[in-house]
Amino acid sequence: MNVKTMAQYAAEGKEPEILFWVGCAGSFDDRAQKVTRAFTEILNAAGIEFAILGNEEQCTGDPARRAGNEFLFQMTALQNIETLNMYKVQKIVTACPHCFNTLKNEYPALGGNYDLVHHTQLLQELIDDGRIKLTEGGTFKGKRITYHDSCYLGRINGVYEAPRATLESLDSQLVEMKRSKQNGLCCGAGGAQMWKEDEAGEKRINIERSEEAMATGASVIAVNCPFCLTMMSDGVKAKEKQDEVMVLDLSELVVQNLVR
Amino acid sequence: MIQQILFLIIAGGASFYAFRQFMAIRQTILLGQDEEISGDAAERWRNVLLIAFGQKKMFKRWIPAVFHLFIYVAFLFTQIELIEIFIDGAFGVHRFFADKIGGLYNLILNTIEVLSVLAFVATFIFLARRNLLKVPRLYSLNGWPKLDGNLILIFEVVLLVAIFTMNGTDVVLQGIDPDHYPDTGTLAVSSWLGPALFGGLGEGTLVVLERVGWWLHLGMVLLFLNYLPKSKHLHIMLAFPNTFFSRLKPRGEMENMPEIMNEVKGMMGLTEDTGEVNMEEELPDFGANDVTGLSWIDILGAYTCTECGRCTSECPANQTGKKLSPRKVMMDIRDRAEEVYTKIESGKEEYAANPEQPVSKDNFDDGKSLFDYITREEIHACTTCNACVEACPVLINPLEPILKMRRYEILTESAGPGDWLPMFNAIENSGAAWSMTIDREEWTKAE
Ligand code: SF4
Ligand code: SF4
């Protein structure tokens, strides 16, 4: 893929428009890697000069901090801020709402101030500005799509409209779940739950949420977060509905309808 | 004269006793740690106005919101009437303002009457919701919290009966003895309800009934004042400071820990600091294992909690059967804070961490902690989704204490769920949330 690192830009004495923060899930998780590639393709199609940190990127520290491990959070966060400030990074886009939140809201107190956009916001901007074009009557025209608000993009950072606007530009039929926007139900992964077994209970949270999503009759569950992606895919699989219902990130939906 | 003396003794005694209880609550709240109050004061006042006074967040569920509003506005207006009751009681006069403020008096009385009827209806609807419809978030309460929720509604009914007895008999008496019972003008309810109920009674009976209504009204108000400090209805008062002091920082920002940040900076050579650790100093406790480790704003929140359960009914962990309940977290903090305060006040040596010194907030150990109230299983179940924060109508943040307890577990006790260790190790050793054999740029290599 056509991707340059910050180090390469620096070696050429140039600066990219924006830094793409890939995140651990986006880099390492098989399923999330597909999202990363889809988003990269879109950035390239739009002719955006972007860079990644590559091997210089580290975990933002979100799961460590939420588990309570402040030492570890500070270690990894301060390291990242060193790197980002060394490259004089100003603008960052990321496809992970947890990275988004930590970089945007938590790094300033540690000395890292950046202008953050989530990839769903950038997608909408690119569509609105005509920097990318979508095919008329594309793959998702008229299809029922439901959108799952991640907690860290929605309720915590107040981004509800940009992802919905992107879905509308696909000419799809957006159907809302009973609990959406401010009242959206968590997928169950946040607060470092992704890394541990559930506490004892009647049901897993992702099953509850997947059932709610499937009850809309949608054939696509659109998500904006690599952890929601895992959780919702697992939920759909647990109900053996993976052949009827697809769980896709917004950039995967957009890339399928991109006019190249 | 006897009535006047009786009034002064009862009202004075009850007010004094209530005042002492409120001061004790203040002290209990201040068991918490200081927290810097930063940010825009105008935004804080806006919160007080919109959310406490205007009850904006209540209207997410509009049926209870409307009825709650009736009771609340009736409550506010009854306070105006109270001014007259105190003047009448202290000086042995009757309806002091009736002939002094003209038509305004009639307007105020009518407003109170109409609101009282609305509050009356609302009270019965709320009693039904709690006990007949069994709305889960309310019905699930047990013991005192359950009784508390019902008691207040019964108080309300008694208060309203008192008000209408007082006004109703007064209207009839105005016709019999206008010298002692000044004209109040036509009243929306009592002008027909009074004659209908009390019309045929003799003057002596009416005079007694009017007094009964008046004293009952006063009695309920004083009782309520002394009941408040023990009740969830403290939110009538504390919702105002609580919305004012509620944190303005972004929701997604966990409070920074500068002590740890500076130490890590020192270790990484990012500060002038030599990185030497002063071994003399005792390592401080990080996070919170008791109310004294929380912020006073968290304890204020616990006292403000209306026990409405909106947080818990939105909590993904609770809704899927986990033990965690953000409402219980807040109620537990209040119970524990009360316990710690009472024990410190008792001055008993057995509660002193260091028996040489008198027991105090900083010298306290009763062998218990907040973990005896809120279990580890509960705090481990939280997804930090902020649904509870969003749901709370009085801007309480139940997530904050949960996270402080997690910090205590990991930083001070080096405990916590074993499942997290591989994640911690991976971040520490390879800068990634999982330990991986491939490198971060691997995904760029595929076509
Ligand atoms: S933040 Fe935690 S306690 Fe609050 S609703 Fe979400 S899971 Fe429940
Ligand atoms: S914390 Fe807020 S939402 Fe939860 S029970 Fe108390 S008042 Fe209600």
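The values are calculated or read from the model by the stated rules, or taken from the named source; none is laboratory data. Being a predicted model, the structure only gives us computed values, none of them experimental. Ideal geometry is used to build each Cβ from the backbone, glycine not excepted, and the neighbour counts take in all protein chains shown.
Among the strands (runs of 3 or more DSSP E) contained in region A:1-117, which hold 2 or more residues that are in the same structural domain as A:Q193 (by TED's automatic domain parsing) and crowded, with 23+ Cβ neighbours inside 10 Å?
none
Are there any pairs with C-beta distances below 9 angstrom linking a residue in region B:289-316 that is within 14 Å of chain A (Cβ to nearest Cβ) to a residue that is part of a strand (DSSP E or B) and away from ligand 2 (no atom under 12 Å from the Cβ), with the two at least 6 apart or on different chains, and if so which?
The qualifying pairs are B:G293/B:Q33.
Quick one: in region B:261-284, which of the residues that are part of a loop (DSSP other than H, G, I, E, B) and modelled with pLDDT of 85 or more is nearest to B:K404 (Cα to Cα)?
Checking each candidate, the answer is B:M268.
For B:E390, state whether it is under 21 Å from A:D62 (Cα atoms), within 15 Å of ligand 1 (Cβ to nearest atom) and either free of Cβ contacts under 8 Å to residues at least 60 places away in the same chain or not polar (S, T, N, Q) (or both).
When the stated conditions are applied, B:E390 passes them.
Return a yes/no flag: does region B:342-350 have any residue that is within 14 Å of chain A (Cβ to nearest Cβ) and assigned to a helix (DSSP H, G or I).
Within region B:342-350 (the criterion being within 14 Å of chain A (Cβ to nearest Cβ) and assigned to a helix (DSSP H, G or I)), the answer is no, since none of the residues qualifies.
On the given criteria, is B:V340 within 16 Å of ligand 2 (Cβ to nearest atom) and of a type outside the set (S, T, Y)?
Here the answer is no, as B:V340 does not meet what is asked.
Looking at B:E409, B:E377, B:E390, B:E400, which is the one that is under 24 Å from A:A200 (Cα atoms) and within 16 Å of ligand 2 (Cβ to nearest atom)?
Exactly one of B:E409, B:E377, B:E390, B:E400 is under 24 Å from A:A200 (Cα atoms) and within 16 Å of ligand 2 (Cβ to nearest atom), namely B:E400.
If B:T186 meets every condition in (1) more than 14 Å from chain A (Cβ to nearest Cβ); (2) β-branched (V, I, T); (3) crowded, with 18+ Cβ neighbours inside 10 Å apart from one, which number is that one?
That leaves (3) as the condition not met.
Looking only at region B:311-327, which residues are surrounded by fewer than 23 Cβ atoms within 10 Å (Cβ to Cβ) and either near ligand 2 (Cβ under 9 Å from one of its atoms) or under 18 Å from the mean Cα position of the chain (by Cα) (or both)?
B:S313
Scan region B:356-393 residue by residue and report those that are facing chain A (nearest Cβ under 8 Å) and of a type in the set (K, R).
The answer is none; no residue qualifies.
Only one of these is surrounded by fewer than 14 Cβ atoms within 10 Å (Cβ to Cβ) and within 22 Å of B:K232 (Cβ to Cβ): B:G204, B:G149, B:G103, B:G143. Name it.
B:G143
Working only within region B:393-416, note down all residues that are buried (at least 21 other Cβ atoms within 10 Å of the Cβ) and either on the phi > 0 side of the Ramachandran plot or free of Cβ contacts under 8 Å to residues at least 40 places away in the same chain (or both).
B:G416, the sole residue that qualifies.
Among helices (runs of 4 or more DSSP H) lying entirely in region A:177-260, which contain 2 or more residues that are in the same structural domain as A:T139 (by TED's automatic domain parsing), touching a residue at least 40 places away in the same chain (Cβ under 8 Å) and more than 17 Å from the chain's Cα centre (by Cα)?
The qualifying helices (runs of 4 or more DSSP H) are A:205-214.
List, please: which pairs have Cβ atoms under 9 Å, are six or more places apart or on different chains, and start with a residue in region B:165-181 that is surrounded by fewer than 20 Cβ atoms within 10 Å (Cβ to Cβ) and end with one that is among the hydroxyl-bearing types (S, T, Y) and not in a helix (DSSP H, G or I)?
B:Q174/B:Y181; B:Q174/B:T184; B:G175/B:Y181
Going by what's in this entry, would B:F16 be described as over 30 Å from B:L138 (Cα atoms) and either assigned by TED's automatic domain parsing to the domain that holds B:F364 or without any contact (Cβ under 8 Å) to a residue 60 or more places away in the chain (or both)?
In short, yes.
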